[in-house]
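Report on one structure; see the data block that follows.
Rule-based calculations on the coordinates, nothing more; no lab input. Note that the structure is predicted; figures quoted are calculated from it, not measured. Every residue, glycine among them, receives a Cβ derived from its backbone with ideal geometry; neighbour counts consider all protein chains shown.
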Amino acid sequence: MSLLRRDRLAGVHDDLVRMVERAAEMCPQDIVVLEGVRSYERQQELYAKGASRTLNSKHLTGRAIDLAPMLDEDGDGKREVSWHWPHYRELAKYVKRAAVELDIDVEWGGDWKSFPDGPHWQLQGGKS
Ligand SMILES: [Zn+2]
């Protein structure tokens, strides 16, 4: 389906952009980019609120991206961002398939044991 809010891909690492574009082609639902590159000020805010656990996020360097599935969950005929784990697991299948196909070494926040982060995807390695 479609990839929504592509404007949020500005400054994001090319591998992540290619991966999410390929995933959107295969995924039966639309995918929305929630966040790409994050300023240090915003990272500090999120950290202060407890919404992020690090000041050294890969979002700062364009090596992370937050994605969400778009579904009509309330049945009003319009799709909205889903916050439900089964939808993120479903989306993750397509993103992982795209990553394998394109040989991109990526990590899904949803696989983290201690504080799983369903929308979050980041490249392995790199400075941060
Ligand atoms: Zn993230």
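Could you work out the helix-only [θ] at 222 nm for the chain, with each DSSP H run of four or more residues adding -39,500 (n - 2.57) and the total divided by the number of residues, to the nearest 500 deg cm²/dmol?
-10500 deg cm²/dmol
Between residue 42 and residue 2, what length comes free when the chain is fully extended (0.36 nm per residue of separation minus the Cα-Cα distance, one decimal in nm)?
11.6 nm
Just going by the charge dipole of region 3-123, with Lys and Arg at +1 and Asp and Glu at -1 on Cβ, which of 82, 67, 51 is farthest out on the positive end?
Of the listed residues, the answer is 51.
Below 13 angstrom from the Cβ of residue 110, what's the summed charge of the other residues (Lys, Arg +1; Asp, Glu -1)?
-1
Please state the charge dipole magnitude for the chain, taken about the Cα centre, from unit charges on C-beta atoms (+1 on K and R, -1 on D and E), reported in debye and rounded to the nearest 20.
Roughly 400 debye for the chain.
How would you order 50-56, 118-124 from highest to lowest mean count of nearby Cβ atoms within 10 Å?
The most tightly packed comes first, giving 118-124, 50-56.
Need one word for region 1-76: rounded, prolate or oblate. Basis is the Cα gyration tensor (sqrt eigenvalues a ≥ b ≥ c); a/c below 1.5 gives rounded, then a/b vs b/c decides.
oblate
Considering every pair of different Cα atoms, what Kirkwood radius, in Å, is found for the chain?
It works out to 14.9 Å.
In whole Hz, with x marking every Gly and Pro, tabulate ³J(HN,Hα) for region 46-52 from phi via Karplus 6.51 cos²θ - 1.76 cosθ + 1.60, θ = phi - 60°.
4, 5, 4, 7, x, 7, 9
Among rounded, prolate and oblate, which fits region 84-128 when a ≥ b ≥ c are the square roots of the eigenvalues of its C-alpha gyration tensor, a/c under 1.5 means rounded, and a/b larger than b/c means prolate?
In terms of gyration-tensor shape, oblate.
Given H placed 1.01 Å from N in the peptide plane, which residues other than close sequence neighbours of residue 80 have an amide H under 5 Å from its amide H?
Residues meeting the amide H criterion: 71, 72, 73.
With θ set to phi - 60°, apply the Karplus curve 6.51 cos²θ - 1.76 cosθ + 1.60 along region 96-101 and write out the HN-Hα couplings as whole Hz, x wherever there is a Gly or Pro.
5, 4, 5, 5, 5, 4
Order these by the 10 Å Cβ neighbour count, fewest first: 40, 94.
Result, fewest neighbours first: 40, 94.
What is the set of long-range amide H partners of residue 32 at a cut-off below 5 Å, with H atoms built 1.01 Å from backbone N?
Hits under the 5 Å cutoff: 4, 68, 70.
If I model a spin label at residue 80 and residue 112 as a point 7 Å from the Cα along the Cα→Cβ vector, what separation in nanometres do I get?
My value for the distance between the label points is 2.6 nm.
From the phi of every residue in region 7-23, what ³J(HN,Hα) in whole Hz does the Karplus formula 6.51 cos²θ - 1.76 cosθ + 1.60 yield, where θ is phi - 60° and glycine or proline is x?
4, 6, 8, 4, x, 6, 3, 4, 4, 5, 5, 4, 5, 6, 5, 5, 4
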